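Dumping the structure here so I can ask a few things about it.
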Amino acid sequence: MKPFCFANQEIIASEKATIHPMDIGLIRGYGIFDFFRTSGYTPLFLDDYLNRFIRSAEKTHLNLPFDKGALREIILTLVDKNELYNGGIRMLLTGGISDNHFSPAEGSLFIFCESLQFPAPSKYEEGVKLLTADHVRAIADIKTTNYAFPVWHSADWKKEGAEDVLYYHQGFISESSRSNIFIIKDGKVSTPDRHVLHGITRMRVLELANDTEVRPISLEEVFDADEVFMTSTTKKILPVTRIDSTRIGSGQPGNITLQLMEAFKSLEEKTTTLA
C-alpha cells in the first residue's frame with residue numbers, strides 16, 4: 001500500500017485508515033469496490049470505472065457522498081501524492097454501522113493506491129490453466145466485496161497449478177472469479193451474457209472485436225473452443241490453454257487472441273498518450 005489514502009473524508013496517511021468492527025462491510029461482507037490502474041500517471045479508462053462504481057452504490061442502496069467529479073479530483077490528487085506512475089487504485093464503500101447489524105447504513109469510503117503486479121510473461125506466452133467450479137456469483141453485475149467462495153476455493157486450484165476458476169451452472173459458463181471469459185471457434189469470438197460482471201477490459205475487447213457474440217455459452221463449447229482467453233484490469237488479455245485436464249485448441253495461445261492482445265496494448269498506449 002502506498003503512503004497516502006482517502007479515508008474519513010480526507011486524504012491521510014494510509015496507516016491511519018480505520019474501519020469500525022461493527023461495520024456490516026466487515027461483519028456481513030456487504031460493500032462494494034472497484035479497482036483500476038495507472039499507466040504513466042494516467043488512470044486508465046477512469047470514467048468507465050467511476051460510472052460503474054456509482055451504479056454499484058445505487059444498486060446496493062449505499063450512500064456515496066461524492067459525485068464523479070469529486071471522486072476524480074481525489075484520485076488525481078492521490079496519484080500525484082503517491083507518485084503512482086504504474087500502479088493500482090482501489091475504491092471501497094462499506095455497508096456502514098447498522099442499528100440492526102444487517103441493513104445498509106451510512107458507509108465509509110476508502111481509496112487506496114497500491115503496487116501492481118501482472119502475471120508472469122510466461123503466462124502470456126504459454127497460457128494458463130483454469131479449474132471449473134459449479135457456482136454463480138451473488139449479484140454478479142455488481143463488484144461487491146463478497147469473495148468468500150473463491151478465497152476459500154483458491155487453495156484447491158493453486159494445488160492444481162491453475163490460475164483461477166471458470167464458473168458454470170446448469171451447463172452454462174459465466175465468468176472467472178475475477179475475470180471475464182471469451183471463447184473463439186472457427187474465427188468467431190463469443191462471451192457469456194448472463195451472471196457476469198460487465199468488466200471494463202471486457203468492454204474494450206467488445207469494441208476491438210465488435211462482431212463478438214454476447215450469448216449463452218455451454219461448458220461443452222468451451223472445451224471444444226479453438227481459443228479461450230480471460231480479461232481483467234490486472235490480467236489485461238490472458239490466454240487460457242487448459243481447463244481442468246482438457247487442452248484448449250493447440251494448447252498454445254491462438255492467433256486471434258494474440259492479435260487482440262496487441263490491439264489492446266496499442267489502445268492502452270493511445271489512451272495514455274491522449275490523457
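Test of understanding: among Lys81, Lys68, which residue is over 14 Å from Cys5 (Cα atoms) and basic (Lys, Arg)?
Values: Lys81 fails: over 14 Å from Cys5 (Cα atoms).
Lys68 is the lone residue from the list that is over 14 Å from Cys5 (Cα atoms) and basic (Lys, Arg).
Counting only residues that are among the charged types (D, E, K, R) and within 16 Å of the chain's Cα centre (by Cα), which one in the stretch 131-168 is nearest to Glu220 (Cα to Cα)? Can you show your working first?
Kept after step one, since they are among the charged types (D, E, K, R), are these residues of the stretch 131-168: 134, 137, 141, 143, 156, 158-160, 163-164.
In the following step, the residues that additionally are within 16 Å of the chain's Cα centre (by Cα) were identified as 137, 141, 143, 163-164.
Values: Arg137: 21, Asp141: 24, Lys143: 28, Glu163: 20, Asp164: 19 Å.
Taking the candidates together, the pick is Asp164.
Per-residue answers, yes or no, for (1) among the hydrophobic types (A, V, I, L, M, F, W, C); (2) closer than 16 Å to Lys188 by Cα; (3) under 20 Å from the mean Cα position of the chain (by Cα):
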position	(1), (2), (3)
Asp224	no, yes, no
Val228	yes, yes, yes
Leu238	yes, no, yes
Asp244	no, no, no
Gln252	no, no, no
Thr257	no, yes, yes
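Looking only at the stretch 55-69, which residues are within 16 Å of Gly96 (Cβ to Cβ) and either of a type outside the set (D, E, K, R) or in a loop (DSSP other than H, G, I, E, B) (or both)?
Those that are within 16 Å of Gly96 (Cβ to Cβ) and either of a type outside the set (D, E, K, R) or in a loop (DSSP other than H, G, I, E, B) (or both): Ser56, Ala57, Thr60, His61, Leu62, Asn63, Leu64, Pro65, Phe66.
Let me ask something additional. Which pairs turn up if I take residues in the stretch 96-118 that are free of Cβ contacts under 8 Å to residues at least 40 places away in the same chain and closer than 21 Å to Arg28 by Cβ and look for partners that are open to solvent by 10 Å² or more (accessible area, probe 1.4 Å) and of a type in the set (Gly, Ala, Ser) with beta carbon separation below 8 Å, at least 6 apart in sequence or on another chain?
Note: pairs meeting the criteria are Asp99/Ala105.
Please find, among His101, His61, the residue that is in contact with a Pro (Cβ under 6 Å, 6 or more places away or on another chain), open to solvent by 60 Å² or more (accessible area, probe 1.4 Å) and more than 30 Å from Arg247 (Cβ to Cβ).
Values: His101 fails: in contact with a Pro (Cβ under 6 Å, 6 or more places away or on another chain).
Going through His101, His61 in turn, the sole match is His61.
Just the residues that are out of contact with any helix residue (DSSP H, G or I) (no Cβ under 7 Å at 6 or more places or on another chain), modelled with pLDDT of 95 or more and not in a strand (DSSP E or B), please, taken from the stretch 208-233.
Residues of the stretch 208-233 that are out of contact with any helix residue (DSSP H, G or I) (no Cβ under 7 Å at 6 or more places or on another chain), as a first pass: 210-211, 213-226, 230.
Next cut, modelled with pLDDT of 95 or more only: 211, 213-226, 230.
Asp211, Arg215, Pro216, Ile217, Leu219, Glu220, Glu221, Val222, Phe223, Asp224, Ala225, Asp226, listed by residue number.
Do the conditions hold for Ile11, that is, is it open to solvent by 30 Å² or more (accessible area, probe 1.4 Å) and assigned to a strand (DSSP E or B)? If you could, list the steps in order and put the result at the bottom.
Numbers: open to solvent by 30 Å² or more (accessible area, probe 1.4 Å): yes; assigned to a strand (DSSP E or B): yes.
So Ile11 passes the test.
Here's something else I'd like to know. Conditions: (1) open to solvent by 20 Å² or more (accessible area, probe 1.4 Å); (2) not in a strand (DSSP E or B). Val196 meets all but one. Number of the miss?
(1)
Ok, one more. Answer with yes or no whether Thr246 is of a type outside the set (A, V, I, L, M) and open to solvent by less than 40 Å² (accessible area, probe 1.4 Å).
On the way: of a type outside the set (A, V, I, L, M): yes; open to solvent by less than 40 Å² (accessible area, probe 1.4 Å): no.
Answer is no for this residue.
Suppose we filter Arg90, Arg52, Arg72 for residues that are in a strand (DSSP E or B) and basic (Lys, Arg); which single one remains?
Working: Arg52 fails: in a strand (DSSP E or B); Arg72 fails: in a strand (DSSP E or B).
None of the others qualify; the one that does is Arg90.
The values are calculated or read from the model by the stated rules, or taken from the named source; none is laboratory data. Here the structure is a predicted model, which is why all the values come from computation and not from measurement. For neighbour counting, all protein chains shown are included, and Cβ atoms are generated from backbone atoms with ideal geometry for every residue, glycine included. Accessible surface is based on the protein model in full, side chains and every heavy atom, while ligands, DNA and RNA are left aside. Shrake-Rupley method; radii C 1.70, N 1.55, O 1.52, S 1.80 Å.
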